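Data first, discussion second: the structure below is written as structure tokens.
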Amino acid sequence: MTKLLSNIRLLLVASLAALSCAAEAQLSIEITGTGATRFPVAIPMFENEASLPRGVTDVVRADLERSGLFSLIDMGLVTVPVTTMPDLGAIRGRGADAVLSGSIYPQADGRYDVRFRLFDTQKQVELGALALRMAPAQNRATAHRIADFVYEKLTGLPGYFATRIAYVVKSGPRYELQIADADGMNSQTALASREPIISPAWAPDGQRLAYVSFEAKKPVVYVHTLATGQRQVVANFKGSNSAPAWSPDGQRLAVVLTKDGQSQLYVLNADGSGVRRLASSPGIDTEPDWSPDGQWIYFTSDRGGSPQIYRISSAGGGAERVTFDGGYNVTPRLSPDGRSLAFITRNGGRFQVAVMDVATRQTTILTDSARDESPSFAPNSRMILYASESGGRGVLAAVSTDGRVKQRLSVQAADVREPSWGPLIR
């Protein structure tokens, strides 16, 4: 359509179609960078954990270590029951600044009570305690919640382990929209097609995905309810229908339509009704993203001659330019706390993830790769998931907003793109 849209989406589809390989079931995660200082923490096996079909503390340890913020202190086979006060001095002597004690109690209905306490070994105080009820098959979900508890108590920020991610895997002629836990496990295929699937976007309730499918031989926007598999067409107008973005209340979607000419921004209800054009632009407007308070929609436009990021009131009106550094800035994504704006910038011929402080407009480039795209914030606003390339194929990667913690997520012998990080659901 234009160079702008080709760079943003059409080039992506072409690169996906060029690959033909077989996919494995799970994403594998490689830690490629860690924080400057990692917090030493001990996570002994919980009392009675051996009675479970599958463990809990090994998942907690993996979550914390993968975050890049913690180092795990080996406690051997020692258990620290939740009902006893641990020897904090001795544990401190092993090098741990915090320790998690826990016990697992089988219940008559076949489920288990999981109780745990977190201690600061330096201050010799308890930082908090919690009890959870789980079925045996819920060991990973329970472990992710425990890791979130530890993460929040020790960093002051909410954890992001009990979340899900969506992404698209291309294997041979087959495209799959997959859903997985944040650690890449428990992947499931929500949609499989021989036509491209792009732009998955999580609803705030974590139960629905909006996305664009080409199964009708043109881009059409669907809303997919994950629990039932039910799908609803919400935008199938003449021309292209693309780039869905949920409002914070989950009641509306911003989309990009060409039904009245070139790509422009529209807002419609989540069932497809109430279509309203947001603005009229002499250029191409695309890639909308709502601010967390619902007052603004950020978007990419070439109305000024080069692709830059703008914002407009969600009620409509005039647009305000946001990015001024560089000649190419696209794909704006606001952090859930509203403080940061992630986007893709062209830097010396390379396309990299950048983050802008919304208040000061100070911008930092976070990655050193060459073909990054599709940034998506974790619910705690600290990590950014994005797509990149490694060895000629698509991989996912994650980077912290300070650029220190880095991860790479890949599926063996397959192309992985279009990541979207889901909300934290309790």
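In this structure, Ala98 qualifies as buried (at least 17 other Cβ atoms within 10 Å of the Cβ) and not hydroxyl-bearing (Ser, Thr, Tyr). Taken over the stretch 112-126, the criterion of being more than 16 Å from Glu47 (Cα to Cα) and either surrounded by fewer than 21 Cβ atoms within 10 Å (Cβ to Cβ) or modelled with pLDDT under 95 (or both) is satisfied by Asp120, Gln122, Lys123, Gln124, Val125, Glu126.
Okay, residues lined up against (1) assigned to a loop (DSSP other than H, G, I, E, B); (2) of a type in the set (A, V, I, L, M); (3) surrounded by 24 or more Cβ atoms within 10 Å (Cβ to Cβ):
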{"site": "Ser374", "(1), (2), (3)": "no, no, yes"}
{"site": "Pro379", "(1), (2), (3)": "yes, no, no"}
{"site": "Glu389", "(1), (2), (3)": "no, no, no"}
{"site": "Val395", "(1), (2), (3)": "no, yes, no"}
{"site": "Asp402", "(1), (2), (3)": "yes, no, no"}
{"site": "Ala413", "(1), (2), (3)": "yes, yes, no"}
{"site": "Glu418", "(1), (2), (3)": "no, no, yes"}
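Checked against (1) part of a loop (DSSP other than H, G, I, E, B); (2) buried (at least 17 other Cβ atoms within 10 Å of the Cβ), Leu409 meets all criteria but (1).
Scanning the stretch 286-339 for residues being assigned to a loop (DSSP other than H, G, I, E, B), of a type outside the set (S, T, N, Q) and open to solvent by 50 Å² or more (accessible area, probe 1.4 Å) gives a total of 13.
One residue stands out among those in the stretch 340-372 that are part of a loop (DSSP other than H, G, I, E, B) and of a type in the set (D, E, K, R): the one that is nearest to Ala243 (Cα to Cα), which is Asp372. A Cβ distance below 7 Å, combined with a sequence gap of six or more or placement on separate chains, defines the contacts here; from the stretch 146-161, residues that are more than 21 Å from Ser103 (Cα to Cα) and open to solvent by less than 40 Å² (accessible area, probe 1.4 Å) reach residues that are part of a helix (DSSP H, G or I) and aromatic (Phe, Trp, Tyr) in the pairs Gly159/Tyr151. Could you go through the stretch 72-92 and let me know if any residue there is without any contact (Cβ under 8 Å) to a residue 60 or more places away in the chain, surrounded by 15 or more Cβ atoms within 10 Å (Cβ to Cβ) and under 25 Å from Met185 (Cα atoms). Yes, that holds for at least one residue.
With respect to the conditions (1) crowded, with 16+ Cβ neighbours inside 10 Å; (2) more than 18 Å from the chain's Cα centre (by Cα), Thr228 lacks only one, and its number is (1). Got at least one residue in the stretch 24-38 being aliphatic (A, V, I, L, M), modelled with pLDDT of 95 or more and surrounded by 15 or more Cβ atoms within 10 Å (Cβ to Cβ)? For the stretch 24-38, residues aliphatic (A, V, I, L, M), modelled with pLDDT of 95 or more and surrounded by 15 or more Cβ atoms within 10 Å (Cβ to Cβ): absent.
Ala129 falls short on exactly one of the conditions (1) part of a loop (DSSP other than H, G, I, E, B); (2) modelled with pLDDT of 95 or more; (3) open to solvent by 10 Å² or more (accessible area, probe 1.4 Å), and that condition is (1). Among the residues of the stretch 54-63, is there at least one that is more than 28 Å from the chain's Cα centre (by Cα), of a type outside the set (A, V, I, L, M, F, W, C) and either open to solvent by 10 Å² or more (accessible area, probe 1.4 Å) or farther than 27 Å from Val405 by Cβ (or both)? Within the stretch 54-63 (the criterion being more than 28 Å from the chain's Cα centre (by Cα), of a type outside the set (A, V, I, L, M, F, W, C) and either open to solvent by 10 Å² or more (accessible area, probe 1.4 Å) or farther than 27 Å from Val405 by Cβ (or both)), the answer is no, since none of the residues qualifies. Checking the stated criteria, Gly338 turns out to be more than 21 Å from Ser199 (Cβ to Cβ), within 16 Å of the chain's Cα centre (by Cα) and modelled with pLDDT of 95 or more.
The values are calculated or read from the model by the stated rules, or taken from the named source; none is laboratory data. In this text the structure is predicted, and so the values were computed from the model without any measurement. We place every Cβ from the backbone using ideal geometry, glycine too, and count neighbours over all the protein chains shown. Heads up: the accessible areas ignore ligands, DNA and RNA and are worked out on the full protein's heavy atoms, side chains in. Shrake-Rupley method; radii C 1.70, N 1.55, O 1.52, S 1.80 Å.
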